[in-house]
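This report refers to the structure that appears directly beneath it.
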Amino acid sequence: MPEWAELRITSDFVNKTSVGKGFIKAEKSDVSKVKTDLSFMNMNRPFTITAESRGKELRLSISDQKESKYLLMFMGMSGGFALISPKYKDYDKVMKHSHLRFYREDGMILCFHDVRRFGKWKWADEWSNNRGFDPVRETEEWKNELRNSYKDNHGFVSEVLMNQKLFSGVGNYLRAEILCRTQDNPWKKLSEFNAEEIENLMNVTLYCLETAYLNQGGRIKDWQNPFIQNENHATPMSNWILCYGSLQSSMIKDKTGRTFWFDPIWNSEVPEKYLKKKHKLTEII
DNA sequence: TGTTTATGCCGAC
DNA sequence: TCGGCCTAAACAC
């Protein structure tokens, strides 16, 4: 699931499946190592759930008659929600990877499903302070922060885009899609941008977050080759993705070891150090 | 059958 | 900067 668009879709899903519904208990799977105390949701007092996302964080507002608390959640690489019934034919298969479960009074179960178990959750009064403004929810604050700081930021734009303090919600597929649309040199330092280029970078970022959301986000495997060529499997996102994972794109491993996909027009700009690691420079068509 | 890869993030050198 | 946390699917041989 998990970059800006998928988090917002997840938040929509939780609201859609929880509005007007009472919940009666919550539990984690045996295999999960998350230690957050869930007793607040297990006191025989029905509670309600609403959700909100900010960047890559999801915040559930859990309320009973007495009190309201925030459960702050992180999706990791594979987290998302599902609503299932105990009668569902693949119930066991789904529950195997459902590591936090909210039981509705009508018998349905709202599950945090997370195959790789990198997802986490904890009680918190505030959003995490190591993350910046949400570009869409807090647009003006976000833009001002960037306008005030880009001149002192000497990181490559391709790597700064992964910084959750400055580009909250942007992850590995979004940075590729943003840069191929701005046509910026991925190895240009943020401090070398001029004011107009920064405005363009911010506006393209906003455009990408919003259109990925409108195209229903989803799972990368559902977007990629060879599905892109197969109309039966085409999704709105498979047409939206222009660069990430494409056979026409070049790639390197960035400083954190993650694959960065980019337009081959920038092949000659790739710094030497990245060419010592695994990489692929495709021909410009 | 073994190896590589995956939308993220943290903590130890 | 690097490995670690995890599982499963896609590759390579």
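Given A:His97, A:Leu209, A:Ile198, which one lies farthest toward the positive end of the charge dipole of the stretch A:85-242, if we put +1 on the Cβ of every Lys and Arg and -1 on the Cβ of every Asp and Glu?
Ranked along the dipole, the leading option is A:His97.
Which residue, A:Glu141, A:Glu159, A:Glu67, tops the fluctuation ranking in a GNM of chain A built on C-alpha contacts under 10 Å?
A:Glu67
Using the alpha carbons of the stretch A:1-140, what is the convex hull volume per residue in cubic angstrom, as a whole number?
115
How large is the charge dipole for the stretch A:139-280, taken about the Cα centre, if only the Cβ atoms of Lys, Arg (+1) and Asp, Glu (-1) carry charge, to the nearest 20 debye?
Charge dipole of the stretch A:139-280: 780 debye, to the nearest 20.
Once you've got the GNM for chain A with C-alpha springs shorter than 10 Å, pick whichever of A:Leu174, A:Leu209, A:Leu146 has the biggest mean-square fluctuation.
Evaluated over chain A, the most mobile residue of the options is A:Leu146.
How high is the relative contact order of chain A, given as a whole-number percent (alpha carbon pairs under 8 Å, six or more residues apart)?
16
If you place +1 on the Cβ of every Lys and Arg, -1 on the Cβ of every Asp and Glu, and leave all else neutral, what size is the dipole of chain A about its Cα centre, to the nearest 20 Debye?
For chain A, the charge dipole is close to 1260 debye.
How large is log10 I(q)/I(0) at q = 0.08, 0.15, 0.16 Å⁻¹ when the Debye formula is applied to the Cα atoms of chain A, each weighted equally and without solvent?
For chain A at q = 0.08, 0.15, 0.16 Å⁻¹, log10 I(q)/I(0) is -0.39, -1.16, -1.26.
Nearest 500 deg cm²/dmol is fine: what mean residue ellipticity at 222 nm does chain A get from its DSSP H runs of n ≥ 4 alone, each adding -39,500 (n - 2.57), divided by its residue count?
So the calculated ellipticity at 222 nm is -8000 deg cm²/dmol.
For the stretch A:174-285, what is the Kirkwood estimate of the hydrodynamic radius, computed as the reciprocal of the mean inverse distance between distinct Cα atoms, to one decimal in Å?
Evaluated over the stretch A:174-285, this radius sits at 15.1 Å.
So if I restrict to the alpha-carbon atoms in the stretch A:52-202, what is the Rg, and what is Dmax, the biggest pairwise distance, in Å?
Over the stretch A:52-202's Cα set, Rg and Dmax evaluate to 19.4, 59 Å.
Taking C-beta distances below 4.7 angstrom as the pairing criterion, name the unpartnered cysteines of chain A, in sequence order.
Lone cysteines by the Cβ rule: A:Cys111, A:Cys208.
Over all pairs of distinct alpha carbons, what does the Kirkwood formula give as the hydrodynamic radius of the stretch A:103-164, in Å?
15.5
Where does each of A:Ser191, A:Ser158 land when they are ranked from fewest to most other beta-carbon atoms within 10 angstrom?
Lowest to highest Cβ neighbour count: A:Ser191, A:Ser158.
Taking the simple approach of a point 7 Å from Cα along Cα-to-Cβ for both A:Ile284 and A:Lys221, what is their distance in nm?
About 3.6 nm separates the two model spin labels.
Computed from the coordinates by the stated procedures, all read-outs in this text should not be read as laboratory data. None of the values given here were measured: they were computed from a predicted structure. Cβ: placed from backbone, ideal geometry, glycine included. Neighbour counts: every protein chain shown.
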